[in-house]
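The values are calculated or read from the model by the stated rules, or taken from the named source; none is laboratory data. Keep in mind the model is a prediction, meaning the values are calculated, not measured. Neighbour counts are summed over all protein chains in view; Cβ atoms, including those assigned to glycine, are modelled from backbone coordinates with ideal geometry. We work out accessible area using only protein heavy atoms, side chains counted, and drop any ligands, DNA or RNA first. Shrake-Rupley method; radii C 1.70, N 1.55, O 1.52, S 1.80 Å.
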Amino acid sequence: MASDAERREGVQDGRELARFIDHTLLLQGAAAADVQRLCAEAREHRFAAVCLRRAWAPLARKLLAGTSTRVAVVVDFHEGAGTTAGRVEEAVAAVRDGAEELDLVAPLPDLRAGRFARVFEDLRAVVAASPVPVKVILETALLSRDLKVAGAALAVAAGAAFVKTSTGFAGGGATVDDVALLRAVVGDRAGVKASGGVRSTDDALAMIRAGANRIGSSNGVAIVTGRLLEPGEY
């Protein structure tokens, strides 16, 4: 059986990318019609997941019933500044509402201040309360190299299934260098999700070759088809 690294290395073009993509809709003003379109595109292209806010989880779960596409919900998005109790409560509620994966923002104030014990205890509490895989968003644009390494190591030690680069809301997104760094830290103990600014087939392929095995993007259709988005499209 091919290893994860071999499966990533074998990806050559956009048609092979759908299984890596979390098709994303996180706009505050999103409407039901936007979620319906997101899920229709996910069904058509067989994306790995859709990623959205908790309010839309029940609708997405209904629309994706009978498919392999999973429903991922963001937690403490996008500041990562909630209390541990609040984050646990939000995670549990998201699963109850239909989430099959959680994209949890790391406790950024503690991480940026180097309060690593608090970061670990927070992440461990949320992961322990979540019966579904948890992706920990590090917000790499706000971190030094040392903090990226520490954050990834703490997330894996706490039981995270993935480490993820970015929310896409903090002035920076995924880079090839950051993806390669996170993969070097986690090895084969966790997945790496590249998110934020991944807009084209070439962007996604570069991230996968650097070590990503999930791509978070609101441009999933453009990535797999090469079609440029029209003005106003998410």
Exercise. Can you tell me which residue among 116, 169 is closer than 27 Å to residue 219 by Cα and not β-branched (Val, Ile, Thr)?
Key: 169
Quiz prompt | Any chance residue 74 is β-branched (Val, Ile, Thr), touching a residue at least 12 places away in the same chain (Cβ under 8 Å), part of a helix (DSSP H, G or I) and surrounded by 15 or more Cβ atoms within 10 Å (Cβ to Cβ) | solution = no
Exercise. Starting from residues that are of a type outside the set (Gly, Ala, Ser) and open to solvent by 20 Å² or more (accessible area, probe 1.4 Å), keep the ones in region 157-177 and report whichever is nearest to residue 24 (Cα to Cα).
Key: 169
Practice problem: Take residue 18 and decide whether it is aliphatic (A, V, I, L, M) and without any contact (Cβ under 8 Å) to a residue 24 or more places away in the chain. | Solution: no
Quiz item: Taking region 123-159 on its own, how many of its residues are part of a loop (DSSP other than H, G, I, E, B) and under 21 Å from residue 172 (Cβ atoms)?
Solution: 4
Practice problem: Could you figure out which of (1) outside any loop (DSSP other than H, G, I, E, B); (2) within 14 Å of residue 23 (Cα to Cα); (3) under 19 Å from the mean Cα position of the chain (by Cα) isn't true of residue 91? | Solution: (2)
Practice problem: Only residues that are farther than 22 Å from residue 205 by Cβ and touching a residue at least 40 places away in the same chain (Cβ under 8 Å): list them for region 162-178, please. | Solution: 167, 169, 170
Practice problem: Report, by residue number, each residue of region 194-229 that is buried (at least 21 other Cβ atoms within 10 Å of the Cβ) and of a type in the set (Val, Ile, Thr). | Solution: 198, 208, 215, 221, 223, 224
Quiz item: Is at least one residue of region 42-60 surrounded by 21 or more Cβ atoms within 10 Å (Cβ to Cβ), in contact with a Cys (Cβ under 7 Å, 6 or more places away or on another chain), among the hydrophobic types (A, V, I, L, M, F, W, C) and modelled with pLDDT of 95 or more?
Solution: yes
Quiz item: If residue 187 satisfies every condition in (1) open to solvent by less than 40 Å² (accessible area, probe 1.4 Å); (2) at negative phi but one, which is the exception?
Solution: (2)
Quiz item: What pairs can you find where one residue is in region 191-219 and on the phi > 0 side of the Ramachandran plot, the other is in a strand (DSSP E or B), and their Cβ atoms are less than 6 Å apart, with a gap of 6+ or different chains?
Solution: 211/192
